[in-house]
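A.B. asks: Quick one: the structure is below, questions incoming.
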Amino acid sequence: LDMVPRFDNGAGAMAEAMAAEIGTREATALKSDQTIKQHEQEIANLKQQVASMESRVGNLTQAERELKRRIDIQKRQEETFAEVSAMFTKQEGMVLRDGDKGIIRLYGLTFPVGKNTIEPKFFGLLTKVQDAVRKFGKCQISVEGHTDSRGGDTQNLRLSETRAQAVA
């Protein structure tokens, strides 16, 4: 107890002083135990918070990776559209974008009146179309044919279909 024993007032007074000191130390120890338990609870709570934050950071990192992946895909698509667009002169055609869809509208491909025959002078243009389709990679292709207003509707519909088949 770090007390100097004094028995001037008898053993009873010394015993009371010692009991009081022990009581003080027990109270201090009890408070220390309670403080330790409080700190241990705070540490447990902080560990839970850290685990929760680490989980959220992990989810955020995953969301960031997904966003980066989407941005990279969009950037590659834009680069491909720009590259394919540069393949055609204004007289040959135009590359348009409709959302994720690409449209190659040819101006430089014509057919003789009432025919579906592709003339050899257009083979180079169609080769450019083939190259463009390869650059887009996996894609669905829709080919449309058109006619002028000469002839009947049924005849022009059939002619536009056979022209589209010739291009395909």
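A.B. asks: For the stretch 92-163, how big is the tail of P(r) above 18 Å, as a whole percent of Cα pairs?
C.D. replies: Result for the distance tail: 46 percent.
A.B. asks: Which is the longest run of the chain containing none of the trypsin sites (Lys or Arg not before Pro) found in DSSP loop states (not H, G, I, E, B) with at most 11 other C-beta atoms within 10 Å?
C.D. replies: 7-89
A.B. asks: Here's another thing I want to ask about it. What whole-number value in Å² describes the accessible area per residue of the stretch 83-168 for a 1.4 Å probe?
C.D. replies: 74 Å²
A.B. asks: Using a 10 Å Cβ count of at most 15 others and DSSP loop calls, identify the longest part of the chain lacking such chymotrypsin sites (Phe, Trp or Tyr not before Pro).
C.D. replies: 8-106
A.B. asks: Same structure again: Take the Cβ-Cβ distance between V57 and E78 as r, set R0 to 45 Å, and report the resulting FRET efficiency rounded to the nearest 0.05. Intermediate results must be reported in sequence, preceding the final value.
C.D. replies: Numbers: r = 31 Å, r/R0 = 0.68.
That pair, V57 with E78, gives E of 0.90.
A.B. asks: Add -39500 (n - 2.57) for each DSSP H run of 4 or more in the chain, then divide by its residues: what number comes out at 222 nm, to the nearest 500 deg cm²/dmol?
C.D. replies: For the chain, the value works out to -23000 deg cm²/dmol.
A.B. asks: Show which lysines lie in cross-link reach of K37 when reach means a straight Cα distance below 27 angstrom and same-chain residues fewer than eight apart are skipped.
C.D. replies: K47
A.B. asks: Here's another thing I want to ask about it. Once neighbouring chains are kept in place and the probe is 1.4 Å, which whole percent of the accessible area of the chain is contributed by carbon and sulfur?
C.D. replies: Carbon with sulfur: 53 percent of the solvent-accessible area.
The values are calculated or read from the model by the stated rules, or taken from the named source; none is laboratory data. From a predicted model like this one, the values you see are computed outputs, not experimental measurements. Using ideal geometry, Cβ is built from the backbone for each residue, glycine included, and neighbour counts are taken over all protein chains shown. Ligands, DNA and RNA are excluded from the accessible area calculation, which covers all protein heavy atoms including side chains. Shrake-Rupley method; radii C 1.70, N 1.55, O 1.52, S 1.80 Å.
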